[in-house]
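Down below is the structure, laid out as structure tokens.
The values are calculated or read from the model by the stated rules, or taken from the named source; none is laboratory data. Treat the numbers as computed from the prediction; the structure is a model and nothing was measured. In this analysis, Cβ positions are derived from the backbone assuming ideal geometry, glycine residues included, and neighbour counts consider all displayed protein chains. When the accessible area is computed, the model is the full protein with side chains, heavy atoms only, and any ligands, DNA or RNA have been set aside. Shrake-Rupley method; radii C 1.70, N 1.55, O 1.52, S 1.80 Å.
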Amino acid sequence: MNVIERFLKYVSFDTQSDENSKTCPTTAKQKLLGAELAAELSQMGLQNAHMDADGYVYAWLPATPGCEGVPCMGLIAHMDTAPAFPGVNVKPRLVEYRGGDVILDAEKDIRIRADEDEALPRYVGQHLIVTDGSTLLGADDKAGVAEIFTALEHLAAHPELKHGRIAVGITPDEEVGRGADRFDVAGFGAAVAYTVDGGELGELEYENFNAAGATVTIHGLNIHPGSAKNRMKNALLLGLEFAGMLPAAETPAHTDGYEGFYHLQHMEGDETTTVLDYIVRDHDKAKFEARKETMKRITAYLNAKYGEDTVVLELRDQYYNMKAQIEPHMYLIHRAKAAFRKAGVEPREVPIRGGTDGARLSYEGLPCPNLSTGGLNFHGRQEYIPAESLEKMVEVLLNLVQAEER
Ligand SMILES: [Zn+2]
């Protein structure tokens, strides 16, 4: 199977994950694709190809003779699609792109608009795989799976191409933040790895946010409004006061690149009790710590003003920037850049404004930068991937695993 056939086959499986599920994988249907993937790896001749009870698929390709001493490299992708948009009954179409809008559904006038899609003009003359406008496509991350598998199949069939041992791991539930939860890092056996789960061709990511959640609980004092003078402490108004003391321009709506933020994502209450839920994000560890300190200082100030324990702040660190874990292994980045350039693609380092499973694995001892898949507009009906990008990424992965050691 070539990479395009493979990709089209995988997107025909509905593998939507579910953030409200307590099971692993969060949806049993992911295991249907998982079983298929394990069977394919086994047919290609990989070793120990299997899906475990949690729906994780693992296998490895032995080193070619003479390369047994090369550290094992892992390649990781995820099979689930985002809960945010339907992923059942995907009807992919391959269209030759000649410029202008791409019409997905003529009747409902659903299209990818050239004037709203900054990347689209770069693909004039290429072949885009698009949806019919009613579902997402699933290039996130079935493109990653198809690219890794096609590269492995090529290597298994061409023993003259020299490489160390290569481990492959396909996870469920990445889109609901649980892809790394039950990843068997020890059993995987790789010294280093790459996730193939990024966006446009050439993207290379190894920096993500440091992340914390903050819950601010305000304990007010409710008195009949007719006799409340000098006595009522309205928790709702105190909540607004707290929010108003945070820097107004440091929100997601005012920041990009390496700029961090405070994001109020939920607020609920009455005069007696009001709760504000924040997420706090910053790539820079010192600035991240300073943001948490700012919230503590506001809490202390309001407690001095209104009485002890009026405001209770609870901070929880969620994940950290993987850069600190990648920096001792910068050859991973140099090697990825060389692999892109050898395929004629100029690599671009992009800071992730979020987290990744690779970031979590990096903190579990498996340094794990993220490579592009070539897909665009993830998690929606306008998702697409140029067929040429799928093919390029196979070439990039082949360059990567064969690249000179350090
Ligand atoms: Zn993804």
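Okay, residues lined up against (1) over 19 Å from Ala190 (Cα atoms); (2) out of contact with any strand residue (DSSP E or B) (no Cβ under 9 Å at 6 or more places or on another chain); (3) of a type outside the set (Gly, Ala, Ser):
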| site | (1), (2), (3) |
| --- | --- |
| Gln16 | yes, no, yes |
| Lys29 | yes, no, yes |
| Leu37 | yes, no, yes |
| Ala63 | no, no, no |
| Leu75 | no, no, yes |
| Thr81 | yes, no, yes |
| Pro86 | yes, no, yes |
| Pro92 | yes, no, yes |
| Asp101 | yes, no, yes |
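Rundown of residues vs (1) on the phi > 0 side of the Ramachandran plot; (2) of a type outside the set (Phe, Trp, Tyr); (3) part of a strand (DSSP E or B), yes/no style:
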site	(1), (2), (3)
Lys9	no, yes, no
Asp18	no, yes, no
Pro25	no, yes, no
Leu33	no, yes, no
Glu36	no, yes, no
Gln43	no, yes, no
Asn48	yes, yes, yes
Ala53	no, yes, no
Gly66	yes, yes, no
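Need pairs with beta-carbon distance below 6 Å; first residue of a type in the set (Lys, Arg) and open to solvent by less than 40 Å² (accessible area, probe 1.4 Å) and within the range 170-188, second more than 13 Å from the ligand (Cβ to nearest atom) and modelled with pLDDT under 95; sequence gap 6+ or separate chains. From residues that are of a type in the set (Lys, Arg) and open to solvent by less than 40 Å² (accessible area, probe 1.4 Å), there are no pairs.
On inspection, Arg297 fails the criterion of being basic (Lys, Arg), at pLDDT 95 or above and within 12 Å of Phe209 (Cα to Cα). Among the residues in the range 223-230, are any more than 16 Å from the ligand (Cβ to nearest atom) and either touching a residue at least 24 places away in the same chain (Cβ under 8 Å) or of a type in the set (A, V, I, L, M, F, W, C) (or both)? Checked against the condition, which is being more than 16 Å from the ligand (Cβ to nearest atom) and either touching a residue at least 24 places away in the same chain (Cβ under 8 Å) or of a type in the set (A, V, I, L, M, F, W, C) (or both), the range 223-230 yields at least one hit.
Scan the range 112-171 residue by residue and report those that are of a type in the set (Phe, Trp, Tyr) and within 19 Å of Ala77 (Cα to Cα). Walk me through it before giving the result.
Our first condition is that a residue be of a type in the set (Phe, Trp, Tyr); within the range 112-171, this holds for 123, 149.
Residue satisfying the conditions is Phe149 alone.
Met44 meets each of the listed conditions (1) of a type in the set (A, V, I, L, M); (2) away from the ligand (no atom under 16 Å from the Cβ); (3) touching a Lys or Arg at 6+ places or on another chain (Cβ under 9 Å) apart from (3). Looking at the structure I just gave you, is Ala82 among the small types (Gly, Ala, Ser), within 13 Å of Arg381 (Cβ to Cβ), in contact (Cβ under 8 Å) with a residue 60 or more places away in the chain and surrounded by 14 or more Cβ atoms within 10 Å (Cβ to Cβ)? Spelling it out, Ala82 is indeed among the small types (Gly, Ala, Ser), within 13 Å of Arg381 (Cβ to Cβ), in contact (Cβ under 8 Å) with a residue 60 or more places away in the chain and surrounded by 14 or more Cβ atoms within 10 Å (Cβ to Cβ).
Would the range 191-199 turn up any residue that is among the aliphatic types (A, V, I, L, M), crowded, with 24+ Cβ neighbours inside 10 Å and within 11 Å of the ligand (Cβ to nearest atom)? Checked the range 191-199: at least one residue is among the aliphatic types (A, V, I, L, M), crowded, with 24+ Cβ neighbours inside 10 Å and within 11 Å of the ligand (Cβ to nearest atom).
Here is a check on your reading of the model: is His158 in contact with a helix residue (DSSP H, G or I) (Cβ under 7 Å, 6 or more places away or on another chain) and on the phi < 0 side of the Ramachandran plot? I'd like the intermediate steps shown before the answer.
Working: in contact with a helix residue (DSSP H, G or I) (Cβ under 7 Å, 6 or more places away or on another chain): no; on the phi < 0 side of the Ramachandran plot: yes.
No: the conditions fail for His158.
Among residues that are out of contact with any Lys or Arg (no Cβ under 7 Å at 6 or more places or on another chain), within 27 Å of Asp181 (Cβ to Cβ) and of a type in the set (Ser, Thr, Tyr), Thr294 is not included. Among all positions in the range 13-26, there is no residue which is open to solvent by 60 Å² or more (accessible area, probe 1.4 Å) and of a type in the set (Gly, Ala, Ser).
Against the condition surrounded by 13 or more Cβ atoms within 10 Å (Cβ to Cβ), touching a Phe, Trp or Tyr at 6+ places or on another chain (Cβ under 8 Å) and touching a residue at least 12 places away in the same chain (Cβ under 8 Å), how does His329 come out, does it pass?
On the way: surrounded by 13 or more Cβ atoms within 10 Å (Cβ to Cβ): yes; touching a Phe, Trp or Tyr at 6+ places or on another chain (Cβ under 8 Å): no; touching a residue at least 12 places away in the same chain (Cβ under 8 Å): yes.
When the stated conditions are applied, His329 does not pass them.
Answer yes or no: is there a residue in the range 265-286 that is of a type in the set (Lys, Arg), within 29 Å of Tyr320 (Cβ to Cβ), open to solvent by 60 Å² or more (accessible area, probe 1.4 Å) and in contact (Cβ under 8 Å) with a residue 12 or more places away in the chain. Full working, then the answer.
So in the range 265-286, the residues of a type in the set (Lys, Arg) come out as 281, 285.
So of that shortlist, the ones also within 29 Å of Tyr320 (Cβ to Cβ) come out as 281, 285.
The next check asks that each one be open to solvent by 60 Å² or more (accessible area, probe 1.4 Å); those that pass are 285.
Subset that is in contact (Cβ under 8 Å) with a residue 12 or more places away in the chain: 285.
Yes, the range 265-286 has at least one match.
Can you name the residue in the range 245-272 that is under 30 Å from Pro225 (Cα atoms) and among the hydrophobic types (A, V, I, L, M, F, W, C) and is also farthest from the chain's Cα centre (by Cα) among such residues?
We begin by selecting, within the range 245-272, every residue under 30 Å from Pro225 (Cα atoms); these are 245-246, 264-272.
Add one more test, that the residue is among the hydrophobic types (A, V, I, L, M, F, W, C), and what stays is 245-246, 264, 267.
Values: Met245: 32, Leu246: 28, Leu264: 22, Met267: 27 Å.
Only one residue tops the list, namely Met245.
Residues in the range 117-151 that are open to solvent by 10 Å² or more (accessible area, probe 1.4 Å) and within 16 Å of the ligand (Cβ to nearest atom): Asp140 only. Val216 meets each of the listed conditions (1) within 30 Å of Ala59 (Cα to Cα); (2) assigned to a strand (DSSP E or B) apart from (1).
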